[in-house]
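So the structure is just underneath, and the comments pick up after that.
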Amino acid sequence: MKKRLLITKKIKEKPYKTLLNSIDSLLKRARSHVFRQINTFLVKTYWEIGEHIVTYEQKTNEKADYGSQLLDKISYDLRKNHGKGFSRSNVFNFRRFYLAYPKIQSMPGFLSWTHIVSLISVSDVLARSFYEKECIIQKWSTRELDRQI
């Protein structure tokens, strides 16, 4: 009788483990999908911020040179209103991002903001394009991308 209970228990545990594994897999896929969507939206937003900065500079003839107060002021106000993530260097990178990719359709897909920051440091357009493609194909981490550059 005891042996039969153990066999019944093992049979019930196996379908449960299968169920649990399928739920775990579903949650992992969903979280990954959500992360990609958020990343894509943030990258697009950073590009648009860069577009706004460049447009403002062109209309007011204000330069965003190293000594300019514009990026400092934007950074300060954005941090005050929206929290961290808007350091002067990050705001400067938003601007550089827009200048490196003036058409939103040319933005590299499925790359994180840290990947893009590494890519915009590459001034040669053909070299940057090569690194973009390899990064996507090879699924390079940011560290690997930096090493390859």
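No lab work stands behind these numbers, since they all come straight from the coordinates. Note that the coordinates shown come from a computational prediction; the quantities given were computed from them, not determined experimentally. Backbone-built Cβ (ideal geometry, glycine too); neighbour counts: all protein chains shown.
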Using the Kirkwood formula on alpha carbons, the hydrodynamic radius of the chain in angstrom works out to 18.6 Å
Pairs from LYS44/LYS103; LYS44/LYS84; LYS84/LYS133; LYS59/LYS103; LYS59/LYS133 whose Cα-Cα separation, in the structure shown, is over 23 Å: LYS84/LYS133; LYS59/LYS133
If we count other beta carbons within 10 Å of each Cβ, what is the order of LEU70, LEU42, LEU111, fewest first? LEU42, LEU70, LEU111
Classify the stretch 108-149 from the C-alpha gyration tensor, please: rounded if a/c falls under 1.5, else prolate or oblate depending on whether a/b exceeds b/c. rounded
Relative contact order, percent, the chain [alpha-carbon distance under 8 Å, six or more residues apart]: 21 percent
